[in-house]
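Just so you know, all these numbers are worked out from the coordinates, no wet-lab data involved. Computed from a prediction, not measured in an experiment: that's the story for all the values here. Here Cβ is always computed from backbone atoms with ideal geometry, including for glycine, and neighbour counts include all displayed protein chains.
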């Protein structure tokens with residue numbers, strides 16, 4: 001997977017679409033991600049929110065986290081790499097955001 005960063009995550013419409021998709025994927029988990037409209041801090045803000053959600057789902061001990069990861073569709077090889085990192089909650093949040101952003105980019109390329 002490509003490395004998504006704040007530098008290439010700054011177009012308002014793409015951020016809005018990404019947040020909508022994240023919320024669609026999170027619907028069954030009972031969580032949402034909010035975006036305040038600030039394109040400069042969008043990447044960091046969303047990653048921090050995703051980290052909190054990941055922590056809460058992991059603490060609940062249910063299969064909800066696994067179901068969400070399945071819906072997001074992070075490739076297994078990338079998921080294993082992320083989970084092997086020391087700060088795997090932040091790495092997982094970044095991977096979820098990256099995968100969702102890639103889906104949006106792909107969808108937009110065929111419109």
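Between residue 71 and residue 12, what length in nm is gained on full extension when 0.36 nm per residue of separation is reduced by their alpha carbon distance? All intermediate terms of the calculation are to be shown ahead of the outcome.
Working: separation 59, 0.36 × 59 = 21.24 nm, distance 2.41 nm.
Fully extending the segment from residue 71 to residue 12 adds 18.8 nm.
Relative to the longest principal axis of the Cα atoms of the chain, the long axis of helix 12-26 lies at roughly 30 degrees.
Set the Förster distance to 35 Å, then compute FRET efficiency between residue 62 and residue 111 from the Cβ-Cβ distance, nearest 0.05. For R0 = 35 Å, the calculated efficiency reads 0.45. Here is how the number arises for the chain: DSSP H runs of 4 or more residues each give -39500 (n - 2.57), the sum is divided by the residue count, and the result at 222 nm is -21500 deg cm²/dmol. Residue order for 31, 110, 70, 43, fewest other beta carbons within 10 angstrom first, comes to 110, 70, 31, 43.
Please list the equivalent ellipsoid semi-axes of the stretch 55-111, computed as the square roots of five times the alpha-carbon gyration tensor eigenvalues, in descending order and whole angstrom.
Values: eigenvalues 104, 36, 18 Å².
Ellipsoid half-lengths, sorted descending, are 23, 14, 9 Å.
Axis angle, to the nearest 10 degrees, between helix 42-60 and the longest C-alpha principal axis of the chain: 20 degrees.
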